[in-house]
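Contents: one structure, followed by commentary.
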Amino acid sequence: MAEKKVIVFGLDCATPQLVFDQWASVLPNLAALRERGISGPLQSCIPPITIPAWTCMMTSKNPGKLGCYGFRNRSDYSYDRLSFATSRVIKEPAVWDVLARYGKKVILLGIPQTYPPKPVNGVMVSCFLTPDTSSQYTYPPELKHQIAAEVGDYILDVDHFRTNDKGRLLNQIYEMTEKRFKLFRSFLAHQPWDFAMLVEMGIDRIHHGFWKFMDTSHPKYEPGTPYENAIRDYYRFIDGKIGEVLSCIDPATAVLVVSDHGAQPMRGGICINEWLIREGYLHITEKPSGIVPLHKAVIDWNQTRAWGEGGYYSRLFLNVEGREPLGTIPQKDYEKVRTELKEKLEALGDEQGNAIGTRVIRPQDVYPVVKGVPPDLIVYFGNLAWRSVGSIGLNTIHTFENDTGPDDANHAEQGIFILCDPARTVDRQQTFRDGLSLFDVAPTVLSILGIPVPPDMEGTVI
């Protein structure tokens, strides 16, 4: 009997309201997998962002255990040392590392936080964090020459997806996806494998670039543009590409389709550092003449008690005596100030003062272990319907222009999960599941392949 195989299609930011509801009837390949298997919304990690979410999924470990809380993390308790979260910061074994112990061969393509690539029992093409294709972005190293011969100029990620040049953006998303799936099909045909996984970033990029053209509830909705169906058509394109892959592999292969988080319309932005200045927590020595990132401002650290980072969620840092170089908050007052900030931020409304449902999270409340240098508070403005704007000089708390370029969507806490394993009988009354977690994916893969699940993995077998 042939050895069992598992293939995973990772669709960054694919969201359940589109896949399971709105467009289910026009996604025949995903619908067929759901019909023969199980599916449901997949709860992401805290925070629900590409990095660290994919690594959390593949290690079945939370961000506190990984010591990674976003794309950039504090290197130490100084004020200016932020470092990108590359593969070097991850010390926990991923599912492919566990599989290697049992001699299983892998194909890994585009999985976030795999740059620079580490040795694997198979082949790896790293992710969008790669500076460019002149970098060493494959394992083994010589694989990059095969990629060039196979698809020409491989696209790691689209250039500047926060842009008003929508035509260029759309064309590049399609070109990127076409090349990634072509390469994946070639690997599947010519490389030995037991576990194969591709992550496509195009859905994330098209959500951020085109959501306002699709969603009538978006505050910037633009009806009747040439891009009205851009997201739907791209989902259909992805569905077709998945179908092409499935037609080329053994029908006994177990298939998973997963995403790291979902998406929702972006209502606006909260200027976290403008708010901190207004409330007396952050002091700058002079007002900037225009809009500038916080790190370009001259901050009076002797008077500052807190500052924040922008992004799809906000990370708030406190200036603590004995911890930061010029700390101003006595250790004994740390929890008092943290609670004060939490309560004030959760009470902050929209531009008219209406409640928006902001959530403020203490890392120690959600992570059993907290490694590295975590933020003191994690803030979901409007439960992620509003993004955090870190720049100063906007002279407002609420903004409807993004400081990093046009962006229509923010993340949502639930992605998608689909599992179709021909070897498993599914109760037809339980094909749609609730309560699924991103941490369950790695244990489920191992279980399908007959590999013992390490006891320190946090998820359970689906």
Q) Are any of the residues in the range 55-67 open to solvent by 10 Å² or more (accessible area, probe 1.4 Å), over 16 Å from Ile111 (Cα atoms), of a type in the set (A, V, I, L, M, F, W, C) and not in a helix (DSSP H, G or I)? A) no
(Q) Between Leu377, Leu449, Leu436, which is touching a Phe, Trp or Tyr at 6+ places or on another chain (Cβ under 8 Å), surrounded by fewer than 23 Cβ atoms within 10 Å (Cβ to Cβ) and either touching a residue at least 60 places away in the same chain (Cβ under 8 Å) or at positive phi (or both)? (A) Leu449
Q. Would the range 161-180 turn up any residue that is at pLDDT 95 or above, out of contact with any strand residue (DSSP E or B) (no Cβ under 9 Å at 6 or more places or on another chain), polar (S, T, N, Q) and more than 27 Å from Thr253 (Cα to Cα)?
A. yes
Q) All but one of (1) crowded, with 19+ Cβ neighbours inside 10 Å; (2) of a type outside the set (Ser, Thr, Tyr); (3) touching a residue at least 24 places away in the same chain (Cβ under 8 Å) hold for Asn302; which doesn't? A) (1)
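Right, Glu150: outside any loop (DSSP other than H, G, I, E, B) and among the acidic types (Asp, Glu) or not? So that I can check it myself, show each step before the final result.
Values: outside any loop (DSSP other than H, G, I, E, B): yes; among the acidic types (Asp, Glu): yes.
Criteria met by Glu150.
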Q.
With of a type outside the set (Asp, Glu) and either within 30 Å of Asp350 (Cβ to Cβ) or in contact with a His (Cβ under 6 Å, 6 or more places away or on another chain) (or both) as the only criterion, which of Ile238, Ile242, Ile206 stands out?
A. Ile206
Q) What are the residue pairs meeting all of these: first residue in the range 102-131, first residue free of Cβ contacts under 8 Å to residues at least 24 places away in the same chain, second residue surrounded by 23 or more Cβ atoms within 10 Å (Cβ to Cβ) and not in a loop (DSSP other than H, G, I, E, B), Cβ atoms under 6 Å, and 6 or more apart or on different chains? A) Met124/Leu108
(Q) Checking Thr444 against (1) open to solvent by 20 Å² or more (accessible area, probe 1.4 Å); (2) of a type in the set (S, T, N, Q); (3) in a helix (DSSP H, G or I): exactly one of these is not met. Which one? (A) (1)
Q.
Yes or no: the range 417-433 includes at least one residue that is closer than 22 Å to Leu18 by Cβ, open to solvent by 20 Å² or more (accessible area, probe 1.4 Å), basic (Lys, Arg) and out of contact with any His (no Cβ under 9 Å at 6 or more places or on another chain).
A. yes
Q: Looking at (1) touching a strand residue (DSSP E or B) at 6+ places or on another chain (Cβ under 7 Å); (2) touching a residue at least 60 places away in the same chain (Cβ under 8 Å), find the lone condition where Tyr234 falls short.
A: (1)
Q: Tell me which of these Phe71 doesn't satisfy, since it passes every other one: (1) within 22 Å of Gly311 (Cβ to Cβ); (2) modelled with pLDDT of 95 or more.
A: (2)
Q: May I ask you to verify whether Asp427 is at pLDDT 95 or above and over 24 Å from the mean Cα position of the chain (by Cα)?
A: no
**Q.** Subset of the range 311-342 [more than 18 Å from Val373 (Cβ to Cβ), part of a loop (DSSP other than H, G, I, E, B) and either open to solvent by less than 30 Å² (accessible area, probe 1.4 Å) or of a type in the set (Asp, Glu) (or both)]
**A.** Tyr312
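Filter the range 226-252 down to the residues that are small (Gly, Ala, Ser), more than 22 Å from the chain's Cα centre (by Cα) and either within 14 Å of Pro28 (Cα to Cα) or open to solvent by less than 30 Å² (accessible area, probe 1.4 Å) (or both) and list them by number.
Step one: filter the range 226-252 for residues small (Gly, Ala, Ser), giving 230, 240, 243, 247, 252.
From what's left, more than 22 Å from the chain's Cα centre (by Cα): 240, 243, 247, 252.
If the condition is that a residue be small (Gly, Ala, Ser), more than 22 Å from the chain's Cα centre (by Cα) and either within 14 Å of Pro28 (Cα to Cα) or open to solvent by less than 30 Å² (accessible area, probe 1.4 Å) (or both), then Gly240, Gly243, Ser247 are the ones that fit.
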**Q.** Within the range 117-142, considering residues that are closer than 19 Å to Ser186 by Cβ and aromatic (Phe, Trp, Tyr), the one least open to solvent (accessible area, probe 1.4 Å)
**A.** Tyr137
Q. Hey, any hits in the range 84-100 for a residue that's on the phi > 0 side of the Ramachandran plot, buried (at least 23 other Cβ atoms within 10 Å of the Cβ) and not in a strand (DSSP E or B)?
A. no
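Would you check if Gly357 is small (Gly, Ala, Ser), open to solvent by less than 60 Å² (accessible area, probe 1.4 Å) and either in contact (Cβ under 8 Å) with a residue 40 or more places away in the chain or in a strand (DSSP E or B) (or both)? First the steps, then the outcome.
Details: small (Gly, Ala, Ser): yes; open to solvent by less than 60 Å² (accessible area, probe 1.4 Å): yes; either in contact (Cβ under 8 Å) with a residue 40 or more places away in the chain or in a strand (DSSP E or B) (or both): no.
No.
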(Q) Just to verify a result, which residue in the range 348-400, among those that are aromatic (Phe, Trp, Tyr) and under 15 Å from Gly308 (Cβ atoms), is nearest to the chain's Cα centre (by Cα)? (A) Tyr380
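Which one is surrounded by the fewest Cβ atoms within 10 Å (Cβ to Cβ), of the residues in the range 343-354 that are touching a residue at least 24 places away in the same chain (Cβ under 8 Å) and not in a helix (DSSP H, G or I)? Steps first, answer last, please.
The first filter runs over the range 343-354 and keeps only residues touching a residue at least 24 places away in the same chain (Cβ under 8 Å), leaving 344-345, 348, 350-351.
Then drop every residue that is not not in a helix (DSSP H, G or I), which leaves 348, 350-351.
Numbers: Leu348: 21, Asp350: 17, Glu351: 12.
Out of the qualifying residues, it is Glu351.
Hey, does the range 271-282 have a residue that's over 27 Å from Leu198 (Cα atoms), open to solvent by 20 Å² or more (accessible area, probe 1.4 Å), in contact with a Lys or Arg (Cβ under 9 Å, 6 or more places away or on another chain) and not hydrophobic (A, V, I, L, M, F, W, C)? Please lay out each step first, then the result.
Kept after step one, since they are over 27 Å from Leu198 (Cα atoms), are these residues of the range 271-282: 271-282.
Next cut, open to solvent by 20 Å² or more (accessible area, probe 1.4 Å) only: 274, 277-280.
Subset that is in contact with a Lys or Arg (Cβ under 9 Å, 6 or more places away or on another chain): 279-280.
After this cut, where a residue has to be not hydrophobic (A, V, I, L, M, F, W, C) as well, the list is 279-280.
Scanning the range 271-282 turns up at least one residue that is over 27 Å from Leu198 (Cα atoms), open to solvent by 20 Å² or more (accessible area, probe 1.4 Å), in contact with a Lys or Arg (Cβ under 9 Å, 6 or more places away or on another chain) and not hydrophobic (A, V, I, L, M, F, W, C).
The values are calculated or read from the model by the stated rules, or taken from the named source; none is laboratory data. Owing to the predicted nature of the structure, the values given are computational and were not obtained by experimental measurement. Heads up, the Cβs are rebuilt from the backbone with ideal geometry, glycines too, and the neighbour counts pull from every protein chain shown. Each accessible area value is taken on the protein alone, full model and side chains, heavy atoms only, with ligands, DNA and RNA left out. Shrake-Rupley method; radii C 1.70, N 1.55, O 1.52, S 1.80 Å.
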